[in-house]
Every structure is written in C-alpha cells, then in structure tokens.
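The next block holds one structure in the form of structure tokens; read it before the comments.
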C-alpha cells in the first residue's frame, strides 16, 4: 500500500464510517516511476490535480483511466517525458483532458465573447476561453492575456490527441497554456493547482 500503486482492495463495511481492508492485490506497481524523483513528483502532481478537481465520492471511471494512463506513461518514460519541455507538455495535456472530463475545458473553437471563429488572439479565464481581436481590447489585462498561435495550437492538439502524443511547444507557449488552465480553473471551479512542473 505505497503511493502510486494500483490495487484491488477487498473492503468490509462495519458499523462506523471507516472501511476495513480485508485483502489487497497489486494490479500495477509502476516500478520505474518510483525509481525517478522527477517521475514521482510528476505522478504526485497528477494525483493532486485529480483530487482537487474530483473531490467528491462519486466514481469517475474515465478520470481513473486517464490517471492510470498518465502513471503508465511516467513509468515507461515514454513521451510525454518527465523533465524539461516534454515533461511540462505532458503534464499540461493531462490537465486539459482532466478539465474536459470535469466539463471545464476552455472554449477554443470560437471567441468566448462573441462567437467569432477567426482572429483569436487572447485568452480570458473569466470568459472560459479564447477571445478575438475585436473583443480582446474590452477585457481588463488583469483578467485576459495575449495568446500565441503556438499556445492555441497546443491546446487544440492536446485535447484532440491521445495522452501519449502530447504535442511539442516552446516554453513561452507552455507558460501561456498553464496560465489559461490556472485562470479558468480558479474562476470557474475555485480550484488552484500546483504548477505543472
């Protein structure tokens, strides 16, 4: 019963609120993950994000499967890696998919203010998505920011591809993606996540 093990537990419900563990079987131990401090940190951040976004006792099998996939990728050392830009890209792709599962994915197909499909140049966490060049000037710069095409491309690709195929992006773009995720979650879910990497 160590961190980042996937187990099948046999539980007994007694008279109190606590359940008694009567049996445990290891399904996946992720042995390589636990041998690398950076992978352990990335796994802890992934589990923390799941815990903060899905803190209810309701089952979320798709989220569980997504987390298991992230842990498997970290264990395999496969793309997305655990360090540098590739590690950050993998962590951000995972968070975008978590937001999608929570119903909080950012609006990327059109301006979140007017619905325009072209000239998407900014991002507003309060509006929950991208904003066009006509709407962006009306936003206070403290609640919106310029969004590079690389950041926009990363978000759309990350949501449309498998987790193992997290797209590449320059550090500046990844910083904008992380800010977009953070501001959207803070405004719409009152959730603050640890930095991605």
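Consider residue 48 carefully, then state whether it is modelled with pLDDT of 90 or more, more than 13 Å from the chain's Cα centre (by Cα) and part of a helix (DSSP H, G or I). Here the answer is no, as residue 48 does not meet what is asked. Might you check whether a residue that is closer than 19 Å to residue 46 by Cβ and modelled with pLDDT of 95 or more occurs anywhere in region 131-151? Scanning region 131-151, I find no residue that is closer than 19 Å to residue 46 by Cβ and modelled with pLDDT of 95 or more, so the answer is no. The one condition from (1) more than 30 Å from residue 68 (Cβ to Cβ); (2) modelled with pLDDT of 95 or more; (3) buried (at least 20 other Cβ atoms within 10 Å of the Cβ) that residue 97 does not meet is (1). Within region 13-26, the set of residues being exposed (fewer than 10 other Cβ atoms within 10 Å of the Cβ) and in contact with a strand residue (DSSP E or B) (Cβ under 9 Å, 6 or more places away or on another chain) comprises 13, 14, 22, 25. Scan region 160-170 and give yes if some residue there is under 15 Å from residue 123 (Cα atoms), in a helix (DSSP H, G or I) and more than 13 Å from the chain's Cα centre (by Cα), otherwise no. Checked region 160-170: no residue is under 15 Å from residue 123 (Cα atoms), in a helix (DSSP H, G or I) and more than 13 Å from the chain's Cα centre (by Cα). For region 158-187, a tally of residues being crowded, with 17+ Cβ neighbours inside 10 Å and out of contact with any helix residue (DSSP H, G or I) (no Cβ under 8 Å at 6 or more places or on another chain) returns 2.
Residue pairs whose Cβ atoms lie under 9 Å apart, sitting 6 or more positions apart in sequence or on different chains, and linking a residue in region 53-79 that is at positive phi to a partner that is assigned to a loop (DSSP other than H, G, I, E, B), are 77/32; 77/36. Only residues that are closer than 15 Å to residue 187 by Cβ, assigned to a loop (DSSP other than H, G, I, E, B) and free of Cβ contacts under 8 Å to residues at least 24 places away in the same chain were counted in region 114-138, giving 1.
The values are calculated or read from the model by the stated rules, or taken from the named source; none is laboratory data. As the structure is a prediction and not an experimental result, all values here were calculated from the model. Ideal geometry is used to build each Cβ from the backbone, glycine not excepted, and the neighbour counts take in all protein chains shown.
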